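The values are calculated or read from the model by the stated rules, or taken from the named source; none is laboratory data. Note that the coordinates shown come from a computational prediction; the quantities given were computed from them, not determined experimentally. Ideal geometry is used to build each Cβ from the backbone, glycine not excepted, and the neighbour counts take in all protein chains shown.
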Amino acid sequence: MATKIQLRRDTASDWASANPTLAAGEFGYESDTTKFKIGDGATAWNSLAYKTGQGFNLVADDSATITVAEEGTLYVQGGTNVTTSTDSAGVLTINATGEVTASSTTTFTNKTFDVEGTGNSISNIDVADLKSGVLDTDLSSVSGSDDTLASAKAIKAYVDANAGGGGSTGDITFTGSTIQSPSNADITLEPGGTGNIVTPAITIQDNEITTNRSNDNLRLRGNGTGAISVGNDDFYGSNPIYQNYYGNQDLNKIAGFRFDQSVDANTAARCYGIGISTNTEVTGSSASNSNFRQRAMNVAQSVDMAGFSYTRSGLTRGPAAGVYATNIVNTGSSASTINAITGATNWAAAYADSSTYAAGDLTITHAIANAGTIELFSSSFPGNFTITNGYAFRSEAFIDGSNDTVTNMYGFYHGAFSSQTGTITNNYAFYDATNSLSVFGDIQTQAVSITDNEISANRSNDDLEISANGTGFVNISSDGTFSSQASSDFASNFGDISTRCKGVHLFRKETIGSALTSSSDRRQGHFIGQEYILGNYSSSDKDNRYRTQTVGCVVDLNGATVNSTNSFAGAMAAQGQVAVHNSDASNAGTIGNTIGMMAGSYHFSAQTVNVTNAHGVFSYVEQDNNGGDVNLTNAFSFKAQINKYHGTMTNGYAYYVDTNDATNKFAFYDNTASLSRFGAVILANVSDPSGVTDSSHIYAKDDGGSSEVHVRDEAGNITKISPHNKAGEWEYFSRNIKTGKTVRVNMERMIRKLEEVTGETFIENE
């Protein structure tokens, strides 16, 4: 007889838990790690070392290889200025010794010496130690680009040779810090060649004045109450245009800018006058001072058309009073508050002043005042004014920085005077008096746009929300008669929809007068569609979830108890119900199918599509914990209820698999357990089933007048697994098709005989 030798084996965790002491030379194998140990008769398992039978290789910088056996010894040997040591913890230390001394000669390459470091210094450097050309001993011929070091000797020689000078000042006298010319004589500063006039503060280069100090200002200032006048004419002389708008021009305390010109509109270049910005630092707070009116500039623009026309289109062409910006900043450490800032307050005005201008007719195509009043004054003067388009306000906003924010941007804001005490009956921000209503073209708000017959959201990825007020509903219908139609047509089957369904109502009613004979005739009610076009990517992420419609019902019980267990009671995510009736009392109606809800997974493509899992219907019941326990008595992933109240019902199928062309056919499958899982199962008697490839059968079959459970394997072998014969005794039954034998063993009788022989009791009767 062959001898069978078995070695001790188990998983690593079981070995560690048992921690046995192997006999000397005894072999112990870990089945999950393939590692093994050999006992010595004294050391417990966890203290034994694994056996590999292999050593390891050590490779140095010269690529030579040293092989150290499994239980060999590796020596680390020191050398010149190198020592090695180990400690009780098994740490190997390699120490390098040696330093650069005064007596040694060492060349350093690409090294940095920190002279300012603690204890560092460089001493005993002589002139002879410096590189040639570093030290200059003669400054008589030094150029402006020379960057050598001057010796003390060279500096002294240069100063001695140039001190005092010898040039003549002519008629110029120097008294202290004052340079003075003779009476009524000019002082001319004229640098030679490309030189400039330079002071500590400014440089005059040709016709340009610049400051010298970093980030310094260039200041121009009059004396006393005097101001600065800039332009091709004196601003502070006769200036009627400015006075028409703002009064005496002498109120300008800083500067006046004036530019008079005559231009041909056909060839004129753009002329923007000047650009001005004022910055104000607020040093005190006030809630009452009305004179806090900081303005960047007051500007009047006047154009004499002189009988000529300029009709170039575009609202930014032609004269403009000005382009303004009011800048508000806060440089303090505490918060500041200001009630309002105004970019500009302007009037687009046409004046007829016969004392100054000719009294010709004037036509203005676009008069724009960006905040204020449009004025026409011609009643007292000859000449008529015509404004085609008058804009009381026209605004644009440009936000350039991603972190810049504007809380409220009003394109038009209608407010009332603070002193107003009367009552406004009809207050219109926009009003068309001709039609007695507000008339708009396309409308855009912060949130939505109405363009033609389309309503859309403006903000990126924003929702479009439609809601009713109070107990009202959002009704969407083709003819606007939802309320009456819902009450009359649906009440018999679903109840009063207008009172039961509190959300959005969708309704369309159509009378179909002829048979539907083509695909274009089909009626599919309300359409909800979503098409996703995927790019060229591959992803197994669980967030690849493409949904056409998601329906959810959330009920907060809020401590309430709802006890009804009726199948239709309680919370339901969706209800699909088809109601069929016949309003013709004279003729019976016939329809082939009624489908409460159809859910299908349809796959159709001109190219290859690989689908791992296809679900016609996917249902789930989840139990989770969010701070409180959820106790589910019965969880139904699929529950079918088939009722007959009147008439006949031939076949009732709780679950019916029509066709199944899959390789692996499962009617019921528990993916977690990788098996079909059932509660109590009733098996009706059948005959022995036919074989199915890669499948076995469990079935019920009559045996001596009693229904017994049998198993049929793929080969056709049949075994009875309910252990009773017709007499009710414990029996083993099996029929083997390979041997042709049928074995029927009365297990109960066999054990009784065994009890008689041994005198022991094996069967305990309860």
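Which one of these is in contact (Cβ under 8 Å) with a residue 40 or more places away in the chain and either of a type in the set (Ser, Thr, Tyr) or surrounded by 10 or more Cβ atoms within 10 Å (Cβ to Cβ) (or both): Ser567, Ser583?
Details: Ser583 fails: in contact (Cβ under 8 Å) with a residue 40 or more places away in the chain.
Just a single option satisfies the conditions, and that option is Ser567.
Residues in region 637-649 that are of a type in the set (Val, Ile, Thr) and either more than 29 Å from Tyr669 (Cβ to Cβ) or in contact with a helix residue (DSSP H, G or I) (Cβ under 8 Å, 6 or more places away or on another chain) (or both): Thr648 only. Screening region 592-631 for residues that are β-branched (Val, Ile, Thr) and either modelled with pLDDT under 85 or closer than 22 Å to Thr548 by Cβ (or both) and picking the one that is farthest from the chain's Cα centre (by Cα) gives Thr594.
Which residues, counting only those in region 667-689, are at pLDDT 90 or above and assigned to a loop (DSSP other than H, G, I, E, B)? Within region 667-689, Val686, Ser687, Asp688, Pro689 qualify.
Scoring Gly55 on the criteria (1) surrounded by 10 or more Cβ atoms within 10 Å (Cβ to Cβ); (2) at pLDDT 75 or above leaves a single failure, condition (2). Of all residues in region 300-318, those that are among the small types (Gly, Ala, Ser) have Cβ atoms under 7 Å from Cβ atoms of residues that are surrounded by 10 or more Cβ atoms within 10 Å (Cβ to Cβ) and modelled with pLDDT of 80 or more, 6 or more apart or on another chain, in Gly318/Tyr310.
Does Arg735 satisfy being modelled with pLDDT of 85 or more, surrounded by 10 or more Cβ atoms within 10 Å (Cβ to Cβ) and of a type in the set (Lys, Arg)? Talk me through it step by step, then tell me what you get.
On the way: modelled with pLDDT of 85 or more: no; surrounded by 10 or more Cβ atoms within 10 Å (Cβ to Cβ): yes; of a type in the set (Lys, Arg): yes.
Judged against the criteria, Arg735 is not a match.
Restricting Ala727, Ala673 to those that are within 28 Å of Phe762 (Cα to Cα) and either in the same structural domain as Glu748 (by TED's automatic domain parsing) or touching a Lys or Arg at 6+ places or on another chain (Cβ under 7 Å) (or both) reduces the list to Ala727.
So that you can scan it fast, the table gives a plain yes or no per residue for (1) polar (S, T, N, Q); (2) surrounded by 10 or more Cβ atoms within 10 Å (Cβ to Cβ); (3) not in a loop (DSSP other than H, G, I, E, B):
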{"position": "Gln524", "(1), (2), (3)": "yes, no, no"}
{"position": "Tyr537", "(1), (2), (3)": "no, no, no"}
{"position": "Asp543", "(1), (2), (3)": "no, no, no"}
{"position": "Tyr546", "(1), (2), (3)": "no, no, no"}
{"position": "Val555", "(1), (2), (3)": "no, yes, no"}
{"position": "Val562", "(1), (2), (3)": "no, yes, no"}
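For Gly600, state whether it is in a loop (DSSP other than H, G, I, E, B) and closer than 29 Å to Asp670 by Cα. Answer is yes for this residue. Considering each residue of region 246-260 in turn, at least one proves to be among the hydrophobic types (A, V, I, L, M, F, W, C) and assigned to a loop (DSSP other than H, G, I, E, B). Residues that are within 47 Å of the chain's Cα centre (by Cα) and surrounded by 10 or more Cβ atoms within 10 Å (Cβ to Cβ) were ranked within region 286-310; the one that is farthest from Phe235 (Cα to Cα) is Phe292.
The set of residues in region 710-747 that are among the hydroxyl-bearing types (Ser, Thr, Tyr), within 19 Å of Leu683 (Cα to Cα) and either assigned to a strand (DSSP E or B) or in contact (Cβ under 8 Å) with a residue 40 or more places away in the chain (or both) contains only Thr719.
All conditions but one from (1) modelled with pLDDT under 90; (2) surrounded by 13 or more Cβ atoms within 10 Å (Cβ to Cβ); (3) within 23 Å of Asn664 (Cβ to Cβ) apply to Thr719; the one that does not is (3).
Rundown of residues vs (1) in contact with a strand residue (DSSP E or B) (Cβ under 8 Å, 6 or more places away or on another chain); (2) acidic (Asp, Glu); (3) within 30 Å of Asp171 (Cβ to Cβ), yes/no style:
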| residue | (1), (2), (3) |
| --- | --- |
| Ile204 | yes, no, yes |
| Gly224 | no, no, no |
| Ser229 | yes, no, no |
| Asp233 | yes, yes, no |
| Asn266 | no, no, no |
| Tyr272 | no, no, no |
| Ala287 | no, no, no |
| Asn291 | no, no, no |
| Gln294 | no, no, no |
